[in-house]
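In what follows, a single structure is set out as structure tokens and then discussed.
The values are calculated or read from the model by the stated rules, or taken from the named source; none is laboratory data. Bear in mind the structure is a predicted one, so any value in this text is a computation, not a measurement. Note that we place each Cβ from the backbone using ideal geometry, even for glycine, and neighbour counts take in every protein chain shown. The protein model used for the area step is the full one, side chains on, heavy atoms only, and it has no ligands, DNA or RNA in it. Shrake-Rupley method; radii C 1.70, N 1.55, O 1.52, S 1.80 Å.
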Number of protein chains: 2
Amino acid sequence: MITRAHSEALDRQDPLAGLRDEFLLPEGVIYLDGNSLGALPTITPERIRSAVDKEWGEQLIRSWGTAGWFEMPEKLGDRIGNLIGAAPGQTVVCDTTSINIYKALHAAMALRPNRKVIVSEAASFPTDLYMVEGAMGSAGAAYSRRLLGADGDDLADLLDGDVAAVLLSNIDYRSGVVHDMERVTRMAHEAGALMIWDLCHSAGVLPMQLDASGTDFAVGCTYKYLNGGPGSPAFIYAAQRHHEDARQPLSGWWGHAAPFAFERDFRPTAGIRRFLCGTQPILSMKGVEASLDVFEKLDLQAVRRKSQELTEHFIALVEQHPSCGALELVSPRDADQRGSQVSFSFEHGYPVVRAMIERGVIGDFRAPDVMRFGLAPFYLRFADLYDAVEVMAACLDDQVWHDDRYARRETVT
Amino acid sequence: MITRAHSEALDRQDPLAGLRDEFLLPEGVIYLDGNSLGALPTITPERIRSAVDKEWGEQLIRSWGTAGWFEMPEKLGDRIGNLIGAAPGQTVVCDTTSINIYKALHAAMALRPNRKVIVSEAASFPTDLYMVEGAMGSAGAAYSRRLLGADGDDLADLLDGDVAAVLLSNIDYRSGVVHDMERVTRMAHEAGALMIWDLCHSAGVLPMQLDASGTDFAVGCTYKYLNGGPGSPAFIYAAQRHHEDARQPLSGWWGHAAPFAFERDFRPTAGIRRFLCGTQPILSMKGVEASLDVFEKLDLQAVRRKSQELTEHFIALVEQHPSCGALELVSPRDADQRGSQVSFSFEHGYPVVRAMIERGVIGDFRAPDVMRFGLAPFYLRFADLYDAVEVMAACLDDQVWHDDRYARRETVT
């Protein structure tokens, strides 16, 4: 049996234990949702304050030059590139993940004009599928979508000479299953298709070699494990070899070869900046910048090691607890196949997650019955997980699903 | 002759003089570029600090509900709607102006499927023209563009049964010329086309009646006269009558009827939220929210009155000064035809603007030879304009264009 004392001992041996000081965490809360919104880095408030008071308030419009606002999409992009195995000049921070998916899909479709199928995954985060629909609908020809897990359970069966692009998440948002980036990219290429990876749930916690994998395009968000702040801008990567020919229809002035010459016709700039469109939200970009300073100090291999130890520990704690017997592990049991999250399915998952939040343990619920716990290795302690499972067990013992306060209310707009 | 004493007297009589206290302006600077980046409202730093420290840092993911983050696009949109004459439920704050132009164009093209021409204006801010190209290119049929000022000087000559949509700025970014919104919209409608207005240079300083004008779609930015902060998110308006049928291809999860049900297929939500796509940058949205609190106290008719008085004053000061004889007024002489800016053309406009900035008077330059001064009526004083013209005259007397420091360097990426 793993005890709290044993968990505390793991914390004392943890080489990353000191990292917790780089984050401001509320008292009395165990935060297991860093894969929805990362925690606040300690240096961020002052950075944003300075951007507001000095860069905006005092320097005003001059800050586009003097404070380097204009170069932020590329500068931050290169620093994210460093975390995902992308050489400089191939990544920019801008817009939202959904919009960057649209750009990548259009670029891929234009590079494979005679192919009219997009392959994705039924279990994708829904916006990926919705953007596939949007991109197909605006592509001016009859495209169709094939979904892994719905139209076939084996990617090989879905790939043929009609496939223009494959869009997949390298870590599944719900189960945490990891796709083998190199193998899948090779499969796509062997079928003549281009590969687009969604890195939303992996950037910052999973070491990867985007360039070496042969990936064509990638997108991801900065507000989950990258701790950039609520809704901080996303990123997009395009492999160097596509820069000359890649076109995307969100052709705003930030992607123009001479943005201040005010030419009448669009002329895409060389390089990755052609994936930019309009002016970015600088204050939110500053959150990304501050957080990336924390990542400069990190060894991503050590982060991955701790991430795997945390998920192992959490699974063991849940499975050893007599009150948690009804929970079924959804995430892979093999730590190498698993992201930095652990999910369990449980009939009453929704009320249990709600009750846990009320008792200070913040996790997440994903329809239909998945309790999802994101274990950010930057600021979580092994003892936190011990305490979290105790709270979970108490909610199960209390059969909180009989309490109307935790009844499920679907947000419908 | 207008003297400084006379200018000071105008400030003493100005009913909006007290508004200056609502903004934090740097010492020793006269800011005539509020139409590029608005100044920092006094309440904004604390609002953003609180969003960072409390909403993000302490409440973490819970703030999507408890702090109302999820509703911000609509709530802020309705408040902007109030400034542009749009009833609630038709405006959302999201993404960038360029991206919102793309959405509006696609929606308009889909509503007029048998028409394959977009009319815009040669003198438009370039991103508008670039987005027309991008939207036409992704519309799946051979569209073409007709430009007022290039393909004809009279809008009537450009309108016929082939025109799907007309996209114009109601205030020209360079000259400040005001289009008559009602008249132009009526002309577009009489030709069977839909009308899209770009309000970037008018929202917040020009009273307008968007609903009453019959406008179909509108977009605008929040970081100019709306003082939302650098790169703060843009807005998009769609008239209620189009909500049922309007579709736009950036169909992300925020525009889905049940965003948290994680359905596999896109189903647009009812109402204006179908123009949303992905997660918005909350810290930058907070800047918009704070600034709109300042606007709540304002009478836009009084703002327009002062705006016209300021531009009249500035033109008179320049034209009476013996050193400024070489400058030619680009903006309309009739204040009713003019936005809240004054532009002059001058061969050496670029070095003069650079030198003025170095001497504390921040204006703007727009190619090829336009010196542009945005006169934000919220925080500018008549005496400021007197002082600004003195600095301009000194730069002209000094023939600063002989100084290499002010030589023009085109930003080319």
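Couple of notes before you dig in:
- Residue list for the range B:250-292, filter: in contact with a Pro (Cβ under 7 Å, 6 or more places away or on another chain), open to solvent by less than 10 Å² (accessible area, probe 1.4 Å), more than 7 Å from every other protein chain (Cβ to nearest Cβ) and within 21 Å of A:G134 (Cβ to Cβ): B:G255, B:L276
- Considering residues of the range B:189-219 that are open to solvent by 10 Å² or more (accessible area, probe 1.4 Å) and hydrophobic (A, V, I, L, M, F, W, C) only, the residue nearest to the chain's Cα centre (by Cα): B:C200
- Flag for B:S202 being among the hydroxyl-bearing types (S, T, Y) and away from chain A (no Cβ under 14 Å): yes
- In this structure, A:A407 does not qualify as among the small types (G, A, S), touching a strand residue (DSSP E or B) at 6+ places or on another chain (Cβ under 7 Å) and either in contact (Cβ under 8 Å) with a residue 12 or more places away in the chain or open to solvent by 10 Å² or more (accessible area, probe 1.4 Å) (or both).
- Exactly one residue among A:T42, A:T97, A:T66 is hydroxyl-bearing (S, T, Y), more than 8 Å from chain B (Cβ to nearest Cβ) and open to solvent by less than 60 Å² (accessible area, probe 1.4 Å), and that residue is A:T42.
- Exactly one residue among B:D53, B:D11 is open to solvent by 20 Å² or more (accessible area, probe 1.4 Å), acidic (D, E), touching a residue at least 60 places away in the same chain (Cβ under 8 Å) and farther than 25 Å from B:C221 by Cα, and that residue is B:D11.
- Yes/no for A:V352 being part of a helix (DSSP H, G or I), hydrophobic (A, V, I, L, M, F, W, C) and under 18 Å from the mean Cα position of the chain (by Cα): no
- Residue selection: B:P26 satisfies the criterion of being assigned to a loop (DSSP other than H, G, I, E, B), free of Cβ contacts under 8 Å to residues at least 12 places away in the same chain and not hydrophobic (A, V, I, L, M, F, W, C).
- Inside the range A:273-309, residues that are part of a loop (DSSP other than H, G, I, E, B) and over 22 Å from A:F70 (Cβ atoms) make up a count of 3.
- When restricted to residues that are open to solvent by 10 Å² or more (accessible area, probe 1.4 Å), of a type outside the set (S, T, Y), outside any helix (DSSP H, G or I) and more than 15 Å from A:A393 (Cβ to Cβ), the range A:316-349 contains 7.
For (1) without any contact (Cβ under 8 Å) to a residue 40 or more places away in the chain; (2) within 11 Å of chain A (Cβ to nearest Cβ); (3) part of a loop (DSSP other than H, G, I, E, B); (4) surrounded by 16 or more Cβ atoms within 10 Å (Cβ to Cβ), each residue gets a yes or a no:
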{"residue": "B:P368", "(1), (2), (3), (4)": "yes, yes, yes, no"}
{"residue": "B:L380", "(1), (2), (3), (4)": "no, no, yes, yes"}
{"residue": "B:Y386", "(1), (2), (3), (4)": "no, no, no, yes"}
{"residue": "B:V389", "(1), (2), (3), (4)": "no, no, no, yes"}
{"residue": "B:L396", "(1), (2), (3), (4)": "no, no, no, yes"}
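- Comparison of B:R174, B:R115, B:R145, B:R183 shows that the only residue that is under 15 Å from the mean Cα position of the chain (by Cα) and basic (K, R) is B:R174.
- Candidate set from the range A:21-39 (those that are charged (D, E, K, R) and surrounded by fewer than 17 Cβ atoms within 10 Å (Cβ to Cβ)); member that is farthest from A:Y223 (Cα to Cα): A:E27
- Selection status of A:A104, in contact with a Phe, Trp or Tyr (Cβ under 9 Å, 6 or more places away or on another chain), part of a loop (DSSP other than H, G, I, E, B) and either modelled with pLDDT under 95 or open to solvent by less than 10 Å² (accessible area, probe 1.4 Å) (or both): no
- Note on the range B:69-94: among residues that are within 10 Å of chain A (Cβ to nearest Cβ) and not acidic (D, E), the one that is surrounded by the fewest Cβ atoms within 10 Å (Cβ to Cβ) is B:F70.
- Among (1) free of Cβ contacts under 8 Å to residues at least 40 places away in the same chain; (2) surrounded by fewer than 17 Cβ atoms within 10 Å (Cβ to Cβ) - the single one A:K116 does not satisfy: (1)
- Qualifying residue in the range A:14-24 (condition: out of contact with any helix residue (DSSP H, G or I) (no Cβ under 8 Å at 6 or more places or on another chain) and at the interface with chain B (Cβ under 8 Å from one of its Cβ atoms)): no
- Contact annotation: residue pairs with Cβ atoms under 7 Å, 6 or more positions apart or on different chains, pairing a residue in the range B:140-153 that is on the phi > 0 side of the Ramachandran plot with a partner that is acidic (D, E) and modelled with pLDDT of 95 or more, are B:G149/B:E121.
- For the condition open to solvent by 30 Å² or more (accessible area, probe 1.4 Å) and under 27 Å from B:D180 (Cα atoms), B:V303 does not qualify.
- Of all the residues in the range A:84-107, those that are within 16 Å of A:S232 (Cβ to Cβ) and in contact with a Pro (Cβ under 8 Å, 6 or more places away or on another chain) number 5.
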